[in-house]
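Worksheet for the structure shown next.
The values are calculated or read from the model by the stated rules, or taken from the named source; none is laboratory data. Owing to the predicted nature of the structure, the values given are computational and were not obtained by experimental measurement. Glycine also receives a Cβ, built like all others from the backbone with ideal geometry; neighbour counts cover every protein chain displayed. Surface areas here come from the heavy atoms of the whole protein model, side chains and all, with no ligands, DNA or RNA. Shrake-Rupley method; radii C 1.70, N 1.55, O 1.52, S 1.80 Å.
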Amino acid sequence: MSDTITAPFASTALYAGPEGYFDVIDALPDAPAGSVIVNVSGILFGLHPQDIALLLNLLGPDAEHGQVTLLLKDPDGQLWLTATSGPDGLDLAVSFPACGSNARVLVPHKQADAVRAAIEEATCGER
């Protein structure tokens, strides 16, 4: 893990790199089965199964390279998640205007199995 990451949760995150970290926290309560709470470099938000499926299609050695932008509703306002898949991995960029926050992390494609396993564990196979 990089010395530049000093934020809380970075040391226990599923993935931590020089520009940020990513973690699957838990199942998202009061949401469709298979929904999870994720942490992208300090911004926590929920993802529903259809959003997770879009992101997982962009992550992994055989992933489709491309970009999706999702507008997600949160109790504190709306946030934008832009996911861009390229040769180095899945770049997740989050903008949360209501909180004046932005975050980013590049999750390497080799982390795909770990991400899928964390989602499965958090949702107890609800998907």
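Taken one residue at a time, the phi angles of the stretch 101-110 give Karplus couplings (6.51, -1.76, 1.60, θ = phi - 60°) of 10, 9, 8, 8, 7, 10, 8, x, 4, 5 Hz. Gly and Pro are set to x.
Around the amide H of residue 21, modelled in the peptide plane, lie the amide H atoms of 41, all under 5 Å away and 5 or more residues distant in sequence or on another chain. Close amide H contacts of residue 90 (hydrogens built in the peptide plane, cut-off under 5 Å, sequence separation of 5 or more or a different chain): 107, 109. Based on protein heavy atoms only, the chain ends up with 53 Å² per residue of surface accessible to a 1.4 Å probe.
Round to a whole number: what % of the accessible area of the chain belongs to carbon and sulfur, probe 1.4 Å? Summing carbon and sulfur atoms, their accessible area is 51 percent of the total for the chain. Segment residue 31..residue 50, full-extension length gain: 5.6 nm, with 0.36 nm per residue of separation and the alpha-carbon distance subtracted. Once a ≥ b ≥ c are taken as the square roots of the eigenvalues of the Cα gyration tensor of the stretch 54-127, is the result rounded (a/c under 1.5), prolate (a/b larger than b/c) or oblate (a/b not larger than b/c)? Oblate is the answer for the stretch 54-127, as a/c is 1.5 or above yet b/c matches or exceeds a/b.
Extending 7 Å from Cα along the Cβ direction at residue 62 and again at residue 117 yields two label points whose distance is 2.0 nm.
Note on residue 84 and residue 102: their simple-model spin labels are 1.2 nm apart, each label 7 Å out from Cα toward Cβ.
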